[in-house]
Amino acid sequence: MPALLILSDARVAEEIRRAQEGAAAEANWYRARRRRLGWLALRAGSTYVAGGLLAWSSFGLTGDAAQIALWGGLLLSNGLPLAFGYDFWMREQGRW
């Protein structure tokens, strides 16, 4: 067998260790990404529900308070989940 195809036991052990470390790092990255996605869904969902409740409660109000509650609720329920998504995307891209 040519000398180039024969690896020492130390080199084989080093390659195995490097592969195991790479697999562990990848598993940690995916676990952290799932956690970040969970927090994103929680933040976006809670602001969406809070905005919906605020907009819905505006139907019981009159005058300027009704307008403020309606538009504030619509902005809260539609704008902030998009802002959270944009923030998440920028952080995942490493630009923020």
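Hey, any hits in segment 30-42 for a residue that's over 30 Å from Leu76 (Cβ atoms) and part of a helix (DSSP H, G or I)? So far as segment 30-42 goes, yes, one or more of its residues are over 30 Å from Leu76 (Cβ atoms) and part of a helix (DSSP H, G or I). Looking across segment 23-52 at every residue that is among the hydroxyl-bearing types (Ser, Thr, Tyr), under 16 Å from Phe84 (Cβ atoms) and out of contact with any Leu (no Cβ under 6 Å at 6 or more places or on another chain), the one that is least open to solvent (accessible area, probe 1.4 Å) is identified as Ser46.
Scanning segment 53-63 for residues that are of a type in the set (Ser, Thr, Tyr) and surrounded by 13 or more Cβ atoms within 10 Å (Cβ to Cβ), we see that the one that is nearest to Leu37 (Cα to Cα) is Ser57. Checking each residue in segment 64-93 for being open to solvent by less than 70 Å² (accessible area, probe 1.4 Å) and within 18 Å of Ala41 (Cα to Cα) picks out Leu76, Ser77, Gly79, Leu80, Pro81, Ala83, Phe84, Gly85, Asp87, Phe88, Met90, Glu92.
Of all the criteria given as (1) open to solvent by 100 Å² or more (accessible area, probe 1.4 Å); (2) in contact (Cβ under 8 Å) with a residue 24 or more places away in the chain, the one not satisfied by Gln20 is (2).
The values are calculated or read from the model by the stated rules, or taken from the named source; none is laboratory data. These numbers come from a predicted model, not from an experiment. No Cβ is skipped: glycine too gets one built from the backbone with ideal geometry, and neighbour counts run over all protein chains shown. The accessibility values were calculated without ligands, DNA or RNA, using every heavy atom of the protein model including side chains. Shrake-Rupley method; radii C 1.70, N 1.55, O 1.52, S 1.80 Å.
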